[in-house]
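A.B. asks: Before we start, here is the structure in question, set down as structure tokens.
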Amino acid sequence: MQRKITYVLLCLIGVCPVAGAQSSTYRCLRSDNPVQDRNAYLLTLLTIDPAAQAAIAQSSVLQALARRLTQEREAVYAACKQTKACPVDQMMLNQLEIEAAGNELAVLARAGGPLNQLVHHQMRPSGRFQKYAGLEDSAFMRASWLETAQGVNRLYKVYALGEKLPTAKIDGPLYEAGSEILRNDLASALGAEIDGASTDVFFSAWSQLGFDLLVIQQRTEAGRYEPLEEGENAAAFTRARATDWKSHPYAAILVPGIGLSEGETGLSPMGAFRIRMASRRWREGLAPFIIVSGGHVHPDRTRYSEAVEMKRELIARDHIPEAAVVIDPYARHTTTNLRNAARLLFQMGAPLEKAMVITASEDGSQYIQSREFADRCARELGYQPVDILDRLSPFDLVARPNLTSLHVDLQDPLDP
């Protein structure tokens, strides 16, 4: 079955920047799997791009891997149906296979190769592989593949095989490894995949099951609001295209969310107080937009998104225009509150050198400015998502977004 593909606002050939550059006018391509699109954009591109499909079809290395995965899927499906064992680990790529596929893709991405245009007109301008922007094309492709492959394998480890997450209370699986319900769901997923099996790309049997594990475990948060720029953020993105960014001191006022305590519903009290302060700053003309950030985090699998509830309150109670409110409904940690806000400003076309204001409670603001938080960002993200420049008040910090924040992290598939 051919994968249904939607081409959305394609980057015009010859217009997108090359080398290490990014473009805020870039609009990502989309497949029929929004969770994959956000987590593993390289896989989406390799599935969509005709030149990539043709090159992959001619590669003996990649086609041998495709045959191995397709045959393995049949065997694992039979085992899941007929026994109490469900050896999904056999569907994972081993390190030698990952390296071999990476080397092959690197050759295809060389100057003049069939994947070189994909690197220049999609991968680089998307910013999603930003950590590798300084690498030459073949090394850039190889590094991007290796990271993606390890991330998909980790989906198996965490959501099928029981590897523990440090944030298991808010990000962990619903069903335990080896449970009967997980085995039955895996058999159903594999059966559905075999029924609609696609031979478009060499990795499809492996990656499809990886992302189906998130469906089984009800952890598809990463795709819940997609396409965000055409949905909840449509009015703000339209306004951003006509915004005179020089007319305000700052690009946006960021409000990090805070989750609900037991018994609370809707917007948390602290969230309500934070947006009250943000409304005042917006009316004072500090910035053209308020970014509210926070996903469905506390309590685990809550139906309330911190960002969505803050937006609702800003519009209904404070009468802030919808076009002035931008939501990030995905952030699950303070680190990604800041990182995701940086991404949104880039996508909206804000000048990269323009700072934003972070408005929070006094203790929250002090934490964001602390060495403890900087160390946490280095440990969990590998970089600082923003550069703290100044403090305006006990509640407000001035920070400049870091372009490295555009890099997508599949190790955190609920908030990549």
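To keep it simple, each residue is scored yes or no on (1) under 23 Å from Ala323 (Cα atoms); (2) modelled with pLDDT of 95 or more; (3) surrounded by 15 or more Cβ atoms within 10 Å (Cβ to Cβ).
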residue	(1), (2), (3)
Gln208	no, yes, yes
Phe211	no, yes, yes
Leu214	no, yes, yes
Gln217	no, yes, yes
Thr243	yes, yes, yes
Ala251	yes, yes, yes
Leu254	yes, yes, yes
Gly263	no, no, no
Ala272	yes, yes, yes
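A.B. asks: Which residue pairs have Cβ atoms under 8 Å apart, sit 6 or more places apart or on different chains, and have a first residue in the stretch 80-99 that is in the same structural domain as Ala149 (by TED's automatic domain parsing) and a second that is outside any helix (DSSP H, G or I) and at pLDDT 95 or above?
C.D. replies: Listed pairs, sorted by first residue: Val88/Ala160; Val88/Leu161; Asp89/Ala160; Asp89/Leu161; Leu93/Phe203.
A.B. asks: Please specify each residue of the stretch 127-143 satisfying the condition of being over 10 Å from Ala106 (Cα atoms) and part of a helix (DSSP H, G or I).
C.D. replies: Gln130, Lys131, Tyr132
A.B. asks: Residues being under 19 Å from Ala350 (Cα atoms) and among the β-branched types (Val, Ile, Thr): count how many of those fall in the stretch 235-291.
C.D. replies: 6
A.B. asks: Please verify whether the stretch 388-396 includes one or more residues that are in contact with a strand residue (DSSP E or B) (Cβ under 7 Å, 6 or more places away or on another chain), hydrophobic (A, V, I, L, M, F, W, C) and buried (at least 23 other Cβ atoms within 10 Å of the Cβ).
C.D. replies: No: the stretch 388-396 contains no residue that is in contact with a strand residue (DSSP E or B) (Cβ under 7 Å, 6 or more places away or on another chain), hydrophobic (A, V, I, L, M, F, W, C) and buried (at least 23 other Cβ atoms within 10 Å of the Cβ).
A.B. asks: Which residues, counting only those in the stretch 239-257, are closer than 22 Å to Ser305 by Cβ and over 20 Å from the mean Cα position of the chain (by Cα)?
C.D. replies: Listed by number, the residues that qualify are Arg239, Ala240, Ala252, Ile253.
To keep it simple, each residue is scored yes or no on (1) in a helix (DSSP H, G or I); (2) modelled with pLDDT under 95; (3) closer than 16 Å to Gly266 by Cα; (4) of a type outside the set (Val, Ile, Thr).
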| residue | (1), (2), (3), (4) |
| --- | --- |
| Ala307 | yes, no, yes, yes |
| Glu313 | yes, no, yes, yes |
| Ala323 | yes, no, no, yes |
| Arg332 | no, no, no, yes |
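A.B. asks: So, one more: Quick one: which residue in Glu313, Glu284, Glu262 is of a type outside the set (Phe, Trp, Tyr), at negative phi and free of Cβ contacts under 8 Å to residues at least 12 places away in the same chain?
C.D. replies: Only one candidate passes the filter, namely Glu284.
A.B. asks: A further question on this structure: Against the conditions (1) among the aliphatic types (A, V, I, L, M); (2) surrounded by fewer than 16 Cβ atoms within 10 Å (Cβ to Cβ); (3) assigned by TED's automatic domain parsing to the domain that holds Gly127, where does Ala189 fall short? Just the number, please.
C.D. replies: Failing condition for Ala189: (2).
A.B. asks: Can you tell me which residue is nearest to Asp412 (Cα to Cα) among those in the stretch 259-305 that are in a loop (DSSP other than H, G, I, E, B) and of a type in the set (Val, Ile, Thr)?
C.D. replies: Val297
A.B. asks: Also, quick follow-up: Check whether at least one residue in the stretch 338-346 is farther than 21 Å from Arg124 by Cα, buried (at least 23 other Cβ atoms within 10 Å of the Cβ) and not assigned by TED's automatic domain parsing to the domain that holds Ser126, and report yes or no. Can you show your working first?
C.D. replies: Taking the stretch 338-346 as the starting set, the residues that turn out to be farther than 21 Å from Arg124 by Cα are 338.
With the extra rule that they be buried (at least 23 other Cβ atoms within 10 Å of the Cβ), the set shrinks to 338.
From what's left, not assigned by TED's automatic domain parsing to the domain that holds Ser126: 338.
Yes, the stretch 338-346 has at least one match.
A.B. asks: Being touching a helix residue (DSSP H, G or I) at 6+ places or on another chain (Cβ under 8 Å) and either over 14 Å from Ile315 (Cβ atoms) or among the aliphatic types (A, V, I, L, M) (or both) is the filter here, so list the residues in the stretch 279-290 that pass it.
C.D. replies: Matches in the stretch 279-290: Ala287, Pro288, Ile290.
The values are calculated or read from the model by the stated rules, or taken from the named source; none is laboratory data. Predicted, not measured: the structure shown is a model, and the values here were computed from it. All Cβ positions, glycine included, derive from the backbone under ideal geometry; neighbour counts span all protein chains shown.
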